[in-house]
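Below is one structure, written out as C-alpha coordinates; the observations come after it.
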Amino acid sequence: MAEAVKNLPPMTSEEFLRWYAGQPDKLRFELMDGIVYPRRNPEIMQAERLVHARLKARVMVQFASQINDRKLPCDALGDGMAVRVGPRTTFEPDALVRCGPPLPENTLILDDVTIVVEVTSPSTERLDIGHKLLRYFRNPQIQHYIVVLAEREKGVIHYRRSASGEIIASPLESGTIALEPPGLTLDIDALFAEP
(Lines give C-alpha, C1' and ligand atoms only; values in the text may rest on other atoms or scores of the structure.)
Protein backbone atom coordinates (compact mmCIF):
# COMPACT_ATOMS: atom_id res chain seq x y z
CA MET A 1 0.00 0.00 0.00
CA ALA A 2 1.21 3.50 -0.76
CA GLU A 3 2.20 5.73 2.12
CA ALA A 4 -0.47 7.89 3.72
CA VAL A 5 -0.91 11.43 2.46
CA LYS A 6 1.20 13.58 4.74
CA ASN A 7 -0.01 16.58 6.74
CA LEU A 8 -3.66 15.54 6.81
CA PRO A 9 -5.50 15.05 10.09
CA PRO A 10 -7.62 11.91 10.59
CA MET A 11 -10.99 12.30 8.85
CA THR A 12 -14.50 10.92 8.83
CA SER A 13 -15.96 9.74 5.53
CA GLU A 14 -17.86 13.03 5.14
CA GLU A 15 -14.72 15.12 5.77
CA PHE A 16 -12.80 12.94 3.33
CA LEU A 17 -15.34 13.50 0.56
CA ARG A 18 -15.24 17.28 1.05
CA TRP A 19 -11.42 17.19 0.92
CA TYR A 20 -11.42 14.80 -2.06
CA ALA A 21 -13.74 17.06 -4.07
CA GLY A 22 -10.96 19.68 -4.13
CA GLN A 23 -8.27 17.35 -5.49
CA PRO A 24 -7.18 17.16 -9.15
CA ASP A 25 -9.26 14.69 -11.18
CA LYS A 26 -6.33 12.45 -12.09
CA LEU A 27 -5.47 11.71 -8.46
CA ARG A 28 -7.42 8.96 -6.69
CA PHE A 29 -7.63 8.35 -2.94
CA GLU A 30 -9.24 6.08 -0.36
CA LEU A 31 -9.84 6.54 3.35
CA MET A 32 -8.94 3.72 5.73
CA ASP A 33 -9.47 4.09 9.45
CA GLY A 34 -9.49 7.88 9.10
CA ILE A 35 -6.20 8.06 7.15
CA VAL A 36 -6.04 9.12 3.46
CA TYR A 37 -4.06 6.93 1.06
CA PRO A 38 -3.48 7.42 -2.66
CA ARG A 39 -4.87 4.58 -4.79
CA ARG A 40 -1.67 4.82 -6.79
CA ASN A 41 1.61 6.42 -5.92
CA PRO A 42 1.20 9.96 -7.39
CA GLU A 43 4.96 10.18 -7.93
CA ILE A 44 4.87 7.31 -10.39
CA MET A 45 1.42 7.76 -11.90
CA GLN A 46 1.12 5.13 -14.54
CA ALA A 47 -1.57 3.82 -16.77
CA GLU A 48 -3.47 0.79 -15.60
CA ARG A 49 -2.17 -2.50 -16.94
CA LEU A 50 -4.23 -4.12 -19.70
CA VAL A 51 -5.05 -7.23 -17.67
CA HIS A 52 -6.48 -5.11 -14.86
CA ALA A 53 -8.55 -2.89 -17.18
CA ARG A 54 -9.80 -5.91 -19.15
CA LEU A 55 -10.91 -7.84 -16.04
CA LYS A 56 -12.74 -4.83 -14.58
CA ALA A 57 -14.54 -4.31 -17.89
CA ARG A 58 -15.53 -7.96 -18.16
CA VAL A 59 -16.99 -7.98 -14.65
CA MET A 60 -18.96 -4.83 -15.45
CA VAL A 61 -20.27 -6.20 -18.75
CA GLN A 62 -21.47 -9.41 -17.11
CA PHE A 63 -23.26 -7.59 -14.30
CA ALA A 64 -24.74 -4.82 -16.46
CA SER A 65 -26.01 -7.29 -19.05
CA GLN A 66 -27.77 -9.44 -16.46
CA ILE A 67 -29.25 -6.43 -14.68
CA ASN A 68 -30.64 -5.21 -17.99
CA ASP A 69 -31.90 -8.64 -19.15
CA ARG A 70 -33.56 -9.41 -15.81
CA LYS A 71 -34.82 -5.86 -15.33
CA LEU A 72 -33.39 -5.75 -11.81
CA PRO A 73 -33.61 -2.44 -9.89
CA CYS A 74 -29.80 -2.31 -9.69
CA ASP A 75 -26.82 -0.44 -11.09
CA ALA A 76 -23.48 -1.97 -12.04
CA LEU A 77 -20.85 0.73 -11.61
CA GLY A 78 -17.13 0.90 -12.29
CA ASP A 79 -14.37 2.37 -10.21
CA GLY A 80 -14.80 5.95 -9.22
CA MET A 81 -17.81 5.52 -6.93
CA ALA A 82 -17.00 5.74 -3.24
CA VAL A 83 -18.40 3.10 -0.87
CA ARG A 84 -18.66 3.90 2.82
CA VAL A 85 -17.67 0.84 4.80
CA GLY A 86 -17.49 2.60 8.15
CA PRO A 87 -17.60 6.09 9.64
CA ARG A 88 -13.87 6.55 8.96
CA THR A 89 -13.34 4.22 5.98
CA THR A 90 -14.32 4.81 2.35
CA PHE A 91 -13.07 2.72 -0.56
CA GLU A 92 -13.40 2.91 -4.35
CA PRO A 93 -13.80 -0.67 -5.55
CA ASP A 94 -13.01 -1.65 -9.14
CA ALA A 95 -16.67 -2.56 -9.68
CA LEU A 96 -19.84 -2.73 -7.62
CA VAL A 97 -23.53 -3.51 -7.75
CA ARG A 98 -26.04 -1.38 -5.90
CA CYS A 99 -29.75 -2.23 -5.82
CA GLY A 100 -32.65 -0.12 -4.66
CA PRO A 101 -34.47 3.06 -5.55
CA PRO A 102 -32.66 5.45 -7.89
CA LEU A 103 -30.31 7.93 -6.24
CA PRO A 104 -29.71 11.58 -7.18
CA GLU A 105 -27.28 11.99 -10.10
CA ASN A 106 -24.87 13.98 -7.90
CA THR A 107 -24.43 11.15 -5.36
CA LEU A 108 -20.76 10.77 -4.38
CA ILE A 109 -20.82 8.04 -1.77
CA LEU A 110 -22.82 4.84 -1.55
CA ASP A 111 -23.85 3.12 1.66
CA ASP A 112 -26.14 0.38 0.33
CA VAL A 113 -23.94 -1.65 -2.00
CA THR A 114 -24.62 -5.38 -2.37
CA ILE A 115 -21.53 -6.53 -4.32
CA VAL A 116 -18.01 -5.08 -4.35
CA VAL A 117 -15.22 -6.27 -6.64
CA GLU A 118 -11.48 -5.66 -6.44
CA VAL A 119 -9.12 -6.78 -9.21
CA THR A 120 -5.67 -7.40 -7.79
CA SER A 121 -2.44 -5.89 -9.02
CA PRO A 122 1.07 -6.61 -7.73
CA SER A 123 0.84 -3.69 -5.31
CA THR A 124 -2.73 -4.32 -4.06
CA GLU A 125 -3.17 -8.09 -3.70
CA ARG A 126 -2.28 -8.22 0.00
CA LEU A 127 -4.41 -5.13 0.71
CA ASP A 128 -7.41 -6.52 -1.19
CA ILE A 129 -7.30 -9.91 0.56
CA GLY A 130 -6.40 -8.54 4.00
CA HIS A 131 -7.27 -5.01 5.09
CA LYS A 132 -10.11 -4.43 2.63
CA LEU A 133 -11.72 -7.79 3.32
CA LEU A 134 -11.92 -7.06 7.02
CA ARG A 135 -13.33 -3.59 6.42
CA TYR A 136 -15.79 -4.17 3.56
CA PHE A 137 -17.89 -6.50 5.69
CA ARG A 138 -18.22 -3.83 8.39
CA ASN A 139 -20.89 -2.42 6.07
CA PRO A 140 -23.90 -4.68 6.80
CA GLN A 141 -25.34 -4.08 3.32
CA ILE A 142 -22.42 -5.74 1.54
CA GLN A 143 -23.32 -9.35 0.83
CA HIS A 144 -20.51 -10.29 -1.57
CA TYR A 145 -16.87 -9.29 -1.87
CA ILE A 146 -15.17 -10.66 -4.97
CA VAL A 147 -11.41 -10.54 -5.36
CA VAL A 148 -10.31 -11.24 -8.93
CA LEU A 149 -6.77 -12.62 -8.90
CA ALA A 150 -5.07 -11.21 -11.98
CA GLU A 151 -1.45 -12.13 -11.36
CA ARG A 152 0.44 -15.38 -10.70
CA GLU A 153 -2.63 -17.47 -10.03
CA LYS A 154 -5.71 -16.59 -12.03
CA GLY A 155 -9.02 -17.11 -10.31
CA VAL A 156 -11.54 -15.54 -7.99
CA ILE A 157 -12.06 -15.55 -4.24
CA HIS A 158 -15.72 -15.04 -3.43
CA TYR A 159 -16.44 -13.91 0.11
CA ARG A 160 -20.11 -13.93 1.03
CA ARG A 161 -22.13 -13.12 4.12
CA SER A 162 -24.25 -16.08 5.24
CA ALA A 163 -27.73 -15.74 6.72
CA SER A 164 -26.17 -16.04 10.18
CA GLY A 165 -23.66 -13.25 9.37
CA GLU A 166 -20.65 -15.54 8.98
CA ILE A 167 -18.23 -14.65 6.17
CA ILE A 168 -17.60 -17.64 3.92
CA ALA A 169 -14.69 -17.75 1.45
CA SER A 170 -14.76 -19.76 -1.78
CA PRO A 171 -11.63 -19.72 -3.94
CA LEU A 172 -12.47 -20.72 -7.53
CA GLU A 173 -10.46 -21.12 -10.72
CA SER A 174 -13.42 -21.80 -13.02
CA GLY A 175 -17.18 -22.14 -13.05
CA THR A 176 -19.95 -19.75 -12.13
CA ILE A 177 -20.65 -17.91 -8.89
CA ALA A 178 -24.28 -17.40 -7.86
CA LEU A 179 -24.69 -14.01 -6.20
CA GLU A 180 -27.85 -14.07 -4.08
CA PRO A 181 -28.96 -11.44 -3.44
CA PRO A 182 -29.43 -9.77 -5.93
CA GLY A 183 -29.82 -12.66 -8.40
CA LEU A 184 -26.70 -12.30 -10.55
CA THR A 185 -23.95 -14.70 -11.58
CA LEU A 186 -20.29 -14.26 -12.42
CA ASP A 187 -18.82 -16.55 -15.10
CA ILE A 188 -15.16 -17.02 -14.12
CA ASP A 189 -14.23 -18.78 -17.37
CA ALA A 190 -15.52 -15.80 -19.39
CA LEU A 191 -13.47 -13.42 -17.22
CA PHE A 192 -10.21 -15.12 -18.13
CA ALA A 193 -11.02 -16.14 -21.72
CA GLU A 194 -8.40 -15.16 -24.29
CA PRO A 195 -9.39 -12.02 -26.21
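Values computed for the structure shown
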read-out: Evaluated over region 86-131, the Cα radius of gyration and Dmax, each in Å; value: 12.6, 37
read-out: Residue among G86, G100, G22 with the largest mean-square fluctuation in a Gaussian network model of the chain, springs linking Cα atoms under 10 Å; value: G22
read-out: Principal semi-axes in Å for the chain [√(5λ), Cα gyration tensor, largest first]; value: 26, 20, 16
read-out: Accessible surface of region 1-128, 1.4 Å probe, proportion on carbon and sulfur as whole %; value: 55 percent
read-out: Nearest-0.05 FRET efficiency for S123 and S174, computed from C-beta distance (R0 25 Å); value: 0.40
read-out: Computed [θ] at 222 nm, helices only, for the chain once each DSSP H run of length n ≥ 4 contributes -39500 (n - 2.57); value: -6500 deg cm²/dmol
read-out: Helix 50-70 axis, angle to the chain major axis (alpha carbon atoms, nearest 10°); value: 60 degrees
read-out: Candidate residues S123, S13, S65: accessible-area rank, largest first, probe 1.4 Å; value: S123, S65, S13
read-out: Å² of accessible area per residue within region 44-180, as computed with a 1.4 Å probe and no ligands counted; value: 50 Å²
read-out: Listed residues L134, L127 arranged by accessible area, highest first, probe 1.4 Å; value: L134, L127
read-out: 25 Å Cα cut-off, lysine pairs counted over the chain (separation 8 or more, or different chains); value: 8
read-out: Which of E125, E15 is most accessible, then next, and so on - probe 1.4 Å; value: E15, E125
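The values are calculated or read from the model by the stated rules, or taken from the named source; none is laboratory data. Please read these numbers as outputs of a predicted model, since none were measured by experiment. We place every Cβ from the backbone using ideal geometry, glycine too, and count neighbours over all the protein chains shown. Calculation scope for accessible area: heavy atoms of the full protein, side chains included, ligands and nucleic acids excluded. Shrake-Rupley method; radii C 1.70, N 1.55, O 1.52, S 1.80 Å.
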